[in-house]
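One structure below.
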Amino acid sequence: MFDLLLYLKVFFVGGFICSIAQVLIIKTKITSARILVMFVVLGVFLEGVGVFDYLVQFAESGVTIPILGFGKALAEGAILGAQESGLIGVFTGGLTKTAGGIAAAVAFAYLFAIIFDARTKKNM
Amino acid sequence: MNKNERNARYNAYVESKIPKTHNFPSLFYAFIIGGIICVLGQTIKDTLLSIFDTMTPQEASNWASIGLIFLASLLTGLGVFDDIGAIAGAGTIVPITGFSNSIASSALDFKREGIIFGMCSKMFIVAGPVIVNGVVASIVVGLIYLIIEAF
Amino acid sequence: MENKQTIFFKNKPTIISSYSIAGPKESYSVFAPYFDLVLKDDLWDCDSYELAERKMLEHVIFNAIERAKLQPKEIDALICGDLLNQIISSSFAARRFDVTYIGLFGACSTMAESLAVGACLVDAGYFDNVACATASHFSSVERQFRMPLELGNQRPPTAQWTVTGGGCSVLSNKGIGPQITMATFGKVVDFNVTDANNMGAAMAPSAMTTMLVHFQNTKTTPDDYDLIVTGDLGKLGAEILIDLMEYNGYKLGQNYIDCGHCIYTNEQNTFMGGSGCGCSAVMLNSYILQKMREKVYNKVLFIATGALLSTTSSFQGESIPGIAHAIVLENKR
């Protein structure tokens, strides 16, 4: 079953989040690294106050694929860890939940850095 | 005119001289490409869910992230990602692809300085702050949760 | 009123030969026909961009000396600088030549600085032949000062593109060619510009300061020169300099060009144009000196500007100090 409405929501919400970041980059000279940090912390915050699950229900990948989702997963993991095993869970939960993404990014970066070389930006 | 006053006047003047960029096209590209990447993630997730009956939505969305991370690293290695990024701006930076690109591009760039002290140690020069801040913030959230639970 | 910043050379050291090299992106420049060698691949069969930059530097020095019909051992001093930390390209390139080496750091002002220093040494009679060279490479500079090459970020509209290229001039106390008649060494000027992506604005005040001192000390005006060339202010920086000079009562007219502004074409999306040591070095050692030899220009004021920042100072939020050195090139009447 293909849910067109869901896909439209994913597209527009995902696009909207990216264009907010783009406005910030253009208007404020904030570097992209800082934007990412802001969005991750925002994701953690939204999950912490319990809003993020509603966003996920509404737009699924539209909010989880942007780096907000990484923040959400960290906070979700920390809260789950706290529920299950108390204080130690606060420390282990976040990274456990996001370990897949970080490990994948590191592994693929390692692999492709061995295979390829960095090139000069092209004439555009 | 003292120096501070002169500098302030000069900087205000420079600010007025900076050419105004056309914001709309870059916003448009960021929106479209950012949206497409999210749709791609959703497609991977839904396809996996329809093929594997036993897979949970959580697992599927993890696979979707890993799929996009793979794609972004590959495009970075092929030298295509920076060209897309030059057009899309935040459209490729904000999705998980940007996180992946920042790690892969640093790894590629510092390969010449050696595998250990170059590639491996410099891998997180851009992505490091994201992980650090995210982890610290999540621990704070977890602690607050514990404190609230205690009462 | 007169201060000691300007030196009037009595013996007028001559630029007896020059050689320039440029990268693939620069090959689209309108000045490309004047470049002595244009690389098709900016890695130039080297393992890294730093090695490629060093190879370019070695190549321009070697060929400029050869073109002057001299042997490397007849060169009394090699005066050289570049943008990489601890000027490794220059020092490592000098390793290949059995020549006295004077390393300079003047950021993008290196070409003018090395020629000015070289002219002093030759004019005073200490040295007979001196080679002055510099080079820069987009990718090595980008790696050092900014972000990884493959990072998918956008360049801000005030950004400039580091020129891949280099140049070498051989100065001598005899021979024929354009002569260096005056030099004005600059002071470090800082108008509190902190945006490392807006080098033109950071360097324009230093160009203005040096230019004003030069005009006052030499009792000349912009109209006395066939060509006034600044190094790598870029489009924005050049416009700012024109405004600043007008504010001080000098009008820079049709005879004023900026190497950074004109080295790339508009279609190349470099925004404000070129920058880097190589920018002014390539232009001076190709187009400008060639046109002087053809007597199209007979009196040229060459001012190269440099932004003296480092990544550390940028991250610590410090403003960007600028420097500008000027030399006057004249054909013998």
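The values are calculated or read from the model by the stated rules, or taken from the named source; none is laboratory data. Predicted model, so just to flag it, every value in this text is computed and none were measured. Note: ideal-geometry Cβ built from the backbone for every residue, glycine included; neighbour counts use all protein chains shown. The protein model used for the area step is the full one, side chains on, heavy atoms only, and it has no ligands, DNA or RNA in it. Shrake-Rupley method; radii C 1.70, N 1.55, O 1.52, S 1.80 Å.
A few points about this structure:
- Legend: calculated FRET efficiency, C:TYR28 to A:ILE88, from the Cβ-Cβ distance at R0 = 35 Å, rounded to 0.05, equals 0.05.
- Stokes-Einstein D in µm²/s, Kirkwood radius over Cα pairs - chain C at 20 °C with 1.002 mPa s viscosity: 111 µm²/s
- Here the accessible area is traced with a 1.4 Å probe on the protein chains. For chain C, carbon and sulfur cover 51 percent of it.
- Relative to its Kirkwood radius, the Cα radius of gyration of the stretch C:179-330 gives an Rg/Rh of 0.96.
- Rolling a 1.4 angstrom probe over the protein heavy atoms with all chains in place gives chain A an accessible area of 47 Å² per residue.
- Model label points for B:THR56 and C:LYS73, set 7 angstrom from Cα along the Cα-to-Cβ axis, are 8.0 nm apart.
- Heavy atoms of chains B and C lose about 2500 Å² of accessible surface on contact, summed over both sides with a 1.4 Å probe.
- Estimated [θ] at 222 nm from DSSP helical runs (n ≥ 4, -39500 (n - 2.57)) normalised by residues in chain C, nearest 500: -9500 deg cm²/dmol
- Prolate/oblate/rounded call for the stretch C:118-234, Cα gyration tensor, a/c under 1.5 rounded: oblate
- A Förster radius of 41 Å combined with the Cβ-Cβ distance from C:CYS46 to C:ALA124 puts the calculated FRET efficiency at roughly 0.60.
- Overall form of the stretch B:41-151 per C-alpha gyration tensor (a/c, 1.5; a/b vs b/c): oblate
- Heavy-atom accessible surface that B and A bury in contact, both chains counted, 1.4 Å, Å² to 100: 5700 Å²
- Residues of the stretch C:177-194 buried by at least 30 Å² of accessible area upon assembly of all protein chains, compared with the chain on its own (1.4 Å probe): C:PHE191, C:ASN192.
- Highest-MSF residue in chain C out of C:GLN316, C:GLN290, C:GLN216 [GNM, Cα springs under 10 Å]: C:GLN316
- Size-normalised alpha-carbon gyration radius of the stretch C:12-171, reference 2.2 N^0.38 Å: 1.04
- Whole-number percent relative contact order across the stretch C:179-305, with pairs defined as alpha carbons under 8 Å at least 6 apart: 29 percent
- Interface A:C - total buried accessible surface [probe 1.4 Å, Å², rounded to 100]: 1200 Å²
- Rel. contact order, % - alpha carbon contacts under 8 angstrom, at least six apart, chain C: 25 percent
- Lysine pair count for the stretch C:179-330 (Cα-Cα distance under 24 Å; residues 8 or more apart in sequence or on different chains): 13.
- Dimensionless Rg over Rh [the stretch B:1-56; C-alpha; Kirkwood]: 1.55
- For chain A, dividing the convex hull volume of the Cα atoms by the residue count gives 182 Å³ per residue.
- Charge sum, other residues only, whose C-beta stays under 13 Å from B:PHE52's C-beta, Lys/Arg counted +1 and Asp/Glu -1: -2
- Within the accessible area of the stretch B:63-151 (1.4 Å probe), percent carbon and sulfur: 79 percent
- Among B:121-128, A:48-55, B:68-75, C:225-232, the order from most to least packed when residues are scored by Cβ within 10 Å on average: C:225-232, B:68-75, B:121-128, A:48-55
- For the segment B:11-19, counting C-beta atoms of other chains within 10 Å of every residue's C-beta and taking the mean gives 6.
- Probing with 1.4 Å while keeping every protein chain in the model, the per residue accessible area of chain C equals 37 Å².
- Here, the protein assembly as shown yields an orientationally averaged convex hull projection of 30.8 nm² when only Cα atoms define the hull.
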